[in-house]
Each structure stands twice: as C-alpha cells, then as structure tokens.
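Taking it in order: structure first as structure tokens, then the write-up.
The values are calculated or read from the model by the stated rules, or taken from the named source; none is laboratory data. Keep in mind that this is a model prediction, so the values were computed, not measured. So basically every Cβ, Gly included, is an ideal-geometry build from the backbone, and we count neighbours across all protein chains shown.
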Amino acid sequence: MTTQASTQLVALDASSASREAQVVRFDPHQRIQHFLMMSSFIVLALTGLPQKFSGLGVSQSWVDMLGGLQTVRQIHRVAGFVMLADCAYHVSYLSYRIGVQRQFGCFRMIPTLQDLRDGARMVLYFLRLASEKPRFGRFSYLEKFDYWAVFWGIAIIGGSGLILTFAVPVSGVLPGQAITVAHTLHSDEAILAVGWILVVHMFNVHLAPWVFPFNPAIFTGKMSAHRYVEDHPLEWASLETAAAPSATRTGTAPSLPRRVGTAVASAPRRALARTARICRDTLAAVTTRARTVVAGAMGRFKR
Amino acid sequence: MTSVNSWRLTAVVALMIAGYLAGATQASADPPAPVPGEHVANGLCLACHEQNLTVDYAPIGRRLIDAVRGWAFATSVHNKMDCVECHTGQDAIPHANADIAADAGGGVNCAGCHADADEGYREGPHGPVAELGDARAPACTNCHGNAHYIQPVDEWEEQDRVAACTRCHAGAGPGFLGASPGHRSPSAGFLSTPYFAGLFLMILTAATLAFGIVHVELEMLRWLAARLADRRGTNSAKGARHDNPG
C-alpha cells in the first residue's frame, strides 16, 4: 500500500552517471510493516507446521530442539500477536493517510475490471497469442492479489488463532463447534499461506530469472528505474510526464530528471485530488437528494 | 513375590484357588499354573488383585496390587473381556518382574481394540500434543477414567464430561464439550460445520495454489521461449521485457 507522498523519484548521486537512478516505491512505514509481517510469518510457519505435521520425525526433532511443545506454542502465540499488531499498525496507518492527511493513493490497491483484463491479456501473452504484455500502473493484478490474500489470510488465520488461544472463554460465548472449525481453518489456511508465499510470492519477487537473486525494494524502499519502467510502465509514464512534459516516452531506459521529488509526485496527486473532489461532490449531491426525499416523506406523513 | 507374611500368603493362595474354581471352565484341585496362550479366568486374577496388598517387586519397589474392584468391573463396558486380553504377558503366575514393569508403564494398548478412536485422537487437537512428546498429553484414562470401570461416554452425565475437560482446561464449561469431536472425524452428517469449513478451505487452497503455480509455470515457459527465440536470432522483441532485467 502506498501513498502519493511516496511516489517520487530520486536520483542517487546525480553527479555520477555510473549509478542508476531509483524510484522510491515504499515509505518507511510500509517497509516496517512488511518486515514485521515477514518475520512473524517465518516464525509462525516454523512453529506451526511441526504441530500440523506432528507425526513426522523431523517435526518431533525440531520441537525437541526448540525446547518442547509448550515452548513452541508460546513462541507461536507471541509471533501471532506480533502479526496481529502489525495488521493493526497497517490499518491505523491507512486510516491516518486517508482520514488525516487526505491522501488516497492506497485506493489504487483496490481491484478493478482492468485487473481482470490485464490478467486475461497476460495469459494470452504467455500463450504467445498476444505480442505485448499488459501495461501496469502502480500495482499489477498479481500484486493486488498478494496484498488482499494477506487480508483474507489475517482474517481467517488470525481470527481462528485467537479462538484457539482463548478456547475456554470463547466456548462460553460461541458454540463449542466454533473451536473445531477454528482448528480446521487455522491449520488448512496455513498450508495455503505457506504454499503461496514459497511458490508464487518468492518466485515473483526474488526467484524469477529476470529478478534473481534478490529484489531489495521492500527493504530499501527503492527500485531501479529500469525495473520500474518494465514492471509499472503506466505509472512511470505519468511520473515522467510530470517531470518533463515535453519529453517523448520511449519505453526504453529512462532518462531521469535531475530535479525530482514533489514536482514529479504532483501529477498523481492532482489526479487523486480530482478523484477525491468528484467523490466529495457526488456524496454531497446524494446527501442533498436523500434529505429532499426524507423531508418530502415526512411532510406527507405529517399531513 | 517376596516379603509377604506367611498368613497372608496362605490366604492369597486359598483365594486364588477359590477364584479359579469360581471363574475357570476347567476347574482343578491343584493351584493353577497357567502357561502363556492358555485361557486365564478373571476370577483367578481377582483372587489377588481385589486384595489390599502391597508387594515388593524389585527393582520397581513396593506396589499395591489392589487394582480392580470386581463388582465395579462387572458393570463396566469391558466386563465381557478377560483381564489378559488387555494385560498381555501377565498370564504367567507368579508374574515375572519384567512383565509387571511393562504393565506398570502403560503396557495396556487401548488402540489395539479402539483403532478408530485412536486415529481420531491423533487427528484431533490432542494428537500433536501426544506425538510431539509433551508430558501434558492426555492418555485415554485421563479423560475416560479407569478402564476397569469405564462407561460409554454417551451415557456420562454432562457434569462428568465437563469434569474430564477441566482436569486440564481450567474453567471449561458445558459449552466446551462441543469442541471435542469425540474421536470422530467431521463428516457431512457429524460436525457438519467443521466438515464444510474444511472442504471450503481445501477447495480454496487447491484453486489458489493451482492458479499461482500455473501462472508461474506459464511465465517461465514464456521467458524460456523468448530466450530460445533470441538465441536463434529471431523475434527478439517479443522477449524484450524478460531479457532486459533491471
């Protein structure tokens, strides 16, 4: 999730032509949130999977090495609370961005019909039925899927984890079967989460031959301009246009402006401000219309 | 057996004979000397094991041999069974100390008869606790009570079942009973909510991972195809994206 404030270009040591320009893609909050999510996820997987596959010798050896099941469960629960706290951090961060700072860049993470079209076009491209890949903006359909998968994952695995942690008090409020359901959901969703992260997420961000061995963007916050042009050409185009309106976009290696920053970020900011204004106006019109209808109904009622 | 007062020994032998005569189908005037594999009547076992006797079994120490109340055993679900069907290896009298030690260490294998329940236990919430060697793992008797007096769980009073849970889960109430699937896996007809929740997750997992894996594979194949095309010096533009990593 990002905001337009983080959508800016920086020229790292612009005086040195040998060093490649970079794009700021993630702000410090987002990087901290990802780090907390990643580290707690790894700990949860390492302490949860041996419990799911408890019949395996390797699970028993691993649990023994960690100090026994009681210790493993305590570690697992602490990591779970770290993940839930991270989730709360993220939601608070978004609320602050939207509610206080009036920044609406995060709405670009909301899936649209264009994502379906992009997905279909990508399949055609994979099958050599289309010569060009779809051109992505700030987030591709797969990145959106990654993000929302965490949301549903937290809801399912976090909620069920809380039920299992507080099984006795919960059984006083919910039917006892809720604990059995939570047990099923918790362990099955874990397989989905670990499978997706290991196979799909790791491939897309690190292991794909055109990225391998490592994409540091989520840790440093910065992404090479070359990579940005290839992965997010639509957003790059808007950034480039804002920075140098007269320049022609070639789609090849970008020539970054020397002076970058707020001027570059102003284009998406203007677009978002316009979107926000339209939303506000629409809301005001709907509210006025609703008041009129209610007032008319009340008038008839009084008569 | 050692260190038993002579009058007690006499009484025990007399009771053994009486018990054998009462329970055995092939009565004999002499004290019995069963051999392994031969039928041992419960009356013979109870002749000693209904007594409040302590016996010194070196090296495991003094032990109360009073294990069973015959009248209570007669009302339990196991009352049609012979003692040695569960207490295997105990059919030689006097018992060898090695056999006694094995039985004292939980040598009775409930799963031998209750295979389904054992499977359900291992698949349930208590299974990992036992399999991962946690000392808190409940044995069968921790929840079901002494196997000699056991009654079908369906016939337990609710408070008895709650009491079984509260031995480990302090504060558990009647609502907690619904959390136990009773050593049965959920199915459409039994615990249908957990069953369909599991089914939903299984379909969701399979569909999501299939989508992701197919996507990865197609992307890799497309990349490989572009690389091959480039090597042949044809159609390099199609692979431009992947051949020019950032």
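Points to keep in mind about this one:
- Out of B:Leu201, B:Leu177, B:Leu224, sole residue that is at pLDDT 90 or above, within 30 Å of A:His186 (Cβ to Cβ) and among the hydrophobic types (A, V, I, L, M, F, W, C): B:Leu201
- Residues in the range A:33-72 that are facing chain B (nearest Cβ under 9 Å) and either among the acidic types (Asp, Glu) or in a helix (DSSP H, G or I) (or both): A:Pro50, A:Gln51, A:Lys52, A:Ser59, A:Gln60, A:Val63, A:Asp64, A:Leu69, A:Gln70, A:Val72.
- Total residues in the range B:140-189, condition aliphatic (A, V, I, L, M), in contact (Cβ under 8 Å) with a residue 40 or more places away in the chain and within 14 Å of chain A (Cβ to nearest Cβ): 1
- Residue match in the range B:167-175 (condition: under 29 Å from B:Ala74 (Cβ atoms) and surrounded by 16 or more Cβ atoms within 10 Å (Cβ to Cβ)): no
- Some residue of the range A:164-171 being more than 10 Å from chain B (Cβ to nearest Cβ) and either touching a Phe, Trp or Tyr at 6+ places or on another chain (Cβ under 6 Å) or modelled with pLDDT of 95 or more (or both): yes
- All of B:Glu155, B:Glu131 fail the test of being touching a Gly at 6+ places or on another chain (Cβ under 6 Å) and not β-branched (Val, Ile, Thr), apart from B:Glu131.
- Verdict on A:Lys144 being of a type in the set (D, E, K, R), modelled with pLDDT of 95 or more, crowded, with 17+ Cβ neighbours inside 10 Å and farther than 22 Å from B:Ala130 by Cβ: yes
- Among residues of the range B:216-232 that are within 9 Å of another protein chain (Cβ to nearest Cβ), those with a beta-carbon under 8 Å from a residue that is among the hydroxyl-bearing types (Ser, Thr, Tyr) at least six positions away or on a different chain give the pairs B:Arg222/A:Tyr125.
- Of the residues making up the range A:111-119, at least one is modelled with pLDDT of 95 or more and aliphatic (A, V, I, L, M).
- Any chance A:Val82 is in contact with a Leu (Cβ under 7 Å, 6 or more places away or on another chain), of a type in the set (Val, Ile, Thr) and within 10 Å of another protein chain (Cβ to nearest Cβ): no
- Counting only helices (runs of 4 or more DSSP H) that sit completely within the range A:86-200, those holding 2 or more residues that are in contact (Cβ under 8 Å) with a residue 24 or more places away in the chain correspond to A:113-126, A:141-153, A:159-165, A:177-196.
- Top-ranked residue in the range A:187-216 [being more than 10 Å from chain B (Cβ to nearest Cβ) and over 22 Å from B:Phe211 (Cα atoms); ranked as surrounded by the fewest Cβ atoms within 10 Å (Cβ to Cβ)]: A:Pro213
- All positions within the range B:190-215 that are within 7 Å of chain A (Cβ to nearest Cβ), exposed (fewer than 15 other Cβ atoms within 10 Å of the Cβ) and of a type in the set (Val, Ile, Thr): B:Thr193
- Single condition B:Pro194 does not satisfy, out of (1) out of contact with any Lys or Arg (no Cβ under 8 Å at 6 or more places or on another chain); (2) outside any helix (DSSP H, G or I); (3) within 22 Å of A:Ile163 (Cα to Cα): (2)
- Scope the range B:72-102; condition in a loop (DSSP other than H, G, I, E, B) and within 18 Å of B:Ala47 (Cβ to Cβ); matching residues: B:Ala74, B:Asn79, B:Met81, B:Asp82, B:His87, B:Gln90, B:Asp91, B:Ala92, B:Ile93, B:Pro94, B:His95
- The one condition in (1) more than 7 Å from every other protein chain (Cβ to nearest Cβ); (2) assigned to a helix (DSSP H, G or I) that A:Arg227 fails to fulfil: (1)
- Condition check for A:Ser140: hydroxyl-bearing (Ser, Thr, Tyr) and more than 10 Å from chain B (Cβ to nearest Cβ): yes
- Verdict on B:Ala137 being in a loop (DSSP other than H, G, I, E, B), within 11 Å of chain A (Cβ to nearest Cβ) and among the small types (Gly, Ala, Ser): yes
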